[in-house]
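First the structure, in the form of structure tokens, and then the observations on it.
The values are calculated or read from the model by the stated rules, or taken from the named source; none is laboratory data. Since this is a predicted model, take the numbers as computed values, not measurements. Cβ sites come from the backbone with ideal geometry, for glycine too, and all protein chains shown count toward neighbours. Areas reflect the complete protein model, heavy atoms only, side chains present, ligands, DNA and RNA absent. Shrake-Rupley method; radii C 1.70, N 1.55, O 1.52, S 1.80 Å.
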Amino acid sequence: PPPPSPPDPALTMKEPGTVYDLAWYPLMTSSVPSTCCFLSTCHKNPTHLWDAFTGKLRATYRSYDYADEITAALSVAFSGNGDKIICGFDRHIRIFDVGYPGRDYETRALIKTVGGRRGQKRRKIGQRGLISCIDTTSLYGGLYACGSYAGSTFVYEEKSGKTVCSLDAHQNGVTKVKFAPDASRLWTGGRRDDVIIEWDLRMLKILRRYERRCGSNQRFSFDISPNDGGRFLLTGSQNGELFIYDTLRPPASSPTPTPTAVATTAAGGTASNPGREVESDPGDAGDYDDDAKVAVEAREKPVLRFKGPGDAVNSVSFHPSFSQQFPYFAACTGERKFWLDVFDEDDDEEEEDDDRKHNGGDATHSSTKKSSLR
């Protein structure tokens, strides 16, 4: 049978530029209209808070650069309890109070310079790159995780901004981070990376790897089931397939070495050496030894795998009431396609002969090899 026609949108909110990111209010309840809202950020514009019932603009949160011009956030998220807005920029974040729109915000630099005394070489440590994705949790006093296009993921305390840990295992930019409902695990995925990594935030180690096809710079999202302790992981892929993994099954074993996480804890140490603070050099983010690069890691097997409606499945989301009695999720498909027409040398020779005949045998007007990109 033919696929069903897409439903008409209930609301349409128009942004003046390319939309970078959006985030629903975490405590949204349909029976309480004041909680039905979401954030959006777009190119060269401030962050907007929209009413999900009326489609009207509720508030605007403006960020400014060094020239006092409005700059757009690359990623946005509500804090775990919904009273703060966290916006990601280049090597820093800005935090707004939901109740105070405008340009009042706190800036937290994610990178700092150390050394420079007694002949020490000055160097920068922390999280470098554009902050591409943010996820938050209200547990443990409030935490937020930031992924960057430099390939690193850092977890911070919400109140103080102190680094809890850093997780480096992606060779390319991180485009999605997601906490487990109990905040004991964290999932990260990146562009041009066929693996989603599950981290144990208590032991600071990699638990599992989940496979998907992601060979381009396009952002591919994934989601964790909300009501069963984060049991199921849902992800799309570039070849149009959808995968559902069971994250509570025993992990697959691998005899090969794995890239280790460079981590700092809130107490100032690592999982292997809790009494000593480790400063992660941003220049080393995403680098591995030769053995780790060529290692073939054990990857989990999906419990469900099926073909989507067509193009690359770039975004997925579980229904908030997802369960065995209500097993529904949403998926978005689409990708940019380039059509390249290349004319071979035989076509060029024919065109050159035609030009000579047209110009009375004059060969000064020559054709060149053509290639067009539509």
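Annotations
- Taking amide H atoms as placed 1.01 Å from N in the peptide plane, the amide H of residue 335 lies under 5 Å from those of 312, each 5 or more residues away in sequence or on another chain.
- Region 158-212 - charge dipole about Cα centre, Lys and Arg +1 at Cβ, Asp and Glu -1, debye rounded to 20: 80
- Remark: the Cα gyration tensor places region 83-198 in the oblate category, a/c being 1.5 or greater and a/b not exceeding b/c.
- Under the shape rule built on the C-alpha gyration tensor, where the axes satisfy a ≥ b ≥ c, region 69-113 is prolate, since a/c reaches at least 1.5 and a/b is greater than b/c.
- Residues whose placed amide H lies under 5 Å from that of residue 185, excluding near-sequence neighbours: 180, 201
- Whole-Hz Karplus values for region 221-227 come out as 9, 8, 9, 10, 4, x, 10 Hz, taken residue by residue from phi with 6.51 cos²θ - 1.76 cosθ + 1.60 and θ = phi - 60°; glycine and proline positions read x.
- Charged neighbours of residue 16, selected by a Cβ distance under 15 Å, balance to +2 (K, R count +1; D, E count -1).
- Of the trypsin sites (Lys or Arg not before Pro) in region 155-258, those whose Cβ has at most 13 other Cβ within 10 Å and which sit in DSSP loop: 159, 162, 202
- For region 155-185, backbone nitrogen atoms closer than 19 Å to the point 7 Å from residue 124 Cα along Cα-to-C-beta are found at 155, 163, 166-168, 172-174.
- Label-point separation, residue 107 to residue 70 (7 Å along Cα→Cβ), nm: 1.9
- Solvent-accessible surface of region 94-191, averaged per residue with a 1.4 angstrom probe and all protein chains in place: 44 square angstrom.
- In terms of its alpha-carbon gyration tensor, region 210-254 comes out oblate; a/c meets the 1.5 threshold, while b/c is at least as large as a/b.
- Rg ratio (alpha-carbon, reference 2.2 N^0.38 Å) - region 151-200: 1.15
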